[in-house]
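Here's the structure, in structure tokens; my notes come after.
The values are calculated or read from the model by the stated rules, or taken from the named source; none is laboratory data. Only a predicted model underlies this, so the values are computations on that prediction, with no experimental measurement involved. Every residue, glycine among them, receives a Cβ derived from its backbone with ideal geometry; neighbour counts consider all protein chains shown. Just so you know, the surface numbers come from the protein's heavy atoms only, side chains and all, with ligands and any DNA or RNA stripped out. Shrake-Rupley method; radii C 1.70, N 1.55, O 1.52, S 1.80 Å.
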Amino acid sequence: MPRIAIEYCTQCRWLLRASWMAQELLTTFATELGEVALVPGQGGIFRITLDGEQLWERKADGGFPDIAVLKQRVRDRIAPDRDLGHVDRRD
């Protein structure tokens, strides 16, 4: 089963943001994910990886991911045929 790691900066106090994103991913992909790990870090880090492959990095991608975009990136890798409902039908 796929593993997502969310590395967040403890100095910046981004644990709440990281845990909210983890909850959203675990709720949406309840049967497709094996684990979502919260990994404390420093130096302004906010990186999300899926089985070691980087999905999002705050500095490189220009901020924090919109949850819909993050869910689409995860879906595209673990369940490409899955419909995400309203997330896929944004106007």
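Tabulated values for the structure
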read-out: Between the range 29-91 and the range 1-25, the Cα center-to-center distance that results, in Å; value: 10 Å
read-out: Helical contribution to [θ] at 222 nm, DSSP H n ≥ 4, -39,500 (n - 2.57), averaged over the chain, rounded to 500; value: -9500 deg cm²/dmol
read-out: Helix 15-28 vs. the chain, principal-axis angle (Cα, 0 to 90°, nearest 10); value: 10 degrees
read-out: Given charges at Cβ of Lys, Arg, Asp, Glu: the range 39-85 dipole, positive-most of 63, 44, 80; value: 44
read-out: For the chain: Kirkwood Rh in Å [reciprocal of mean 1/r, alpha carbons]; value: 13.4 Å
read-out: Residue-level accessible surface for residue 76, protein heavy atoms, 1.4 Å, Å²; value: 80 Å²
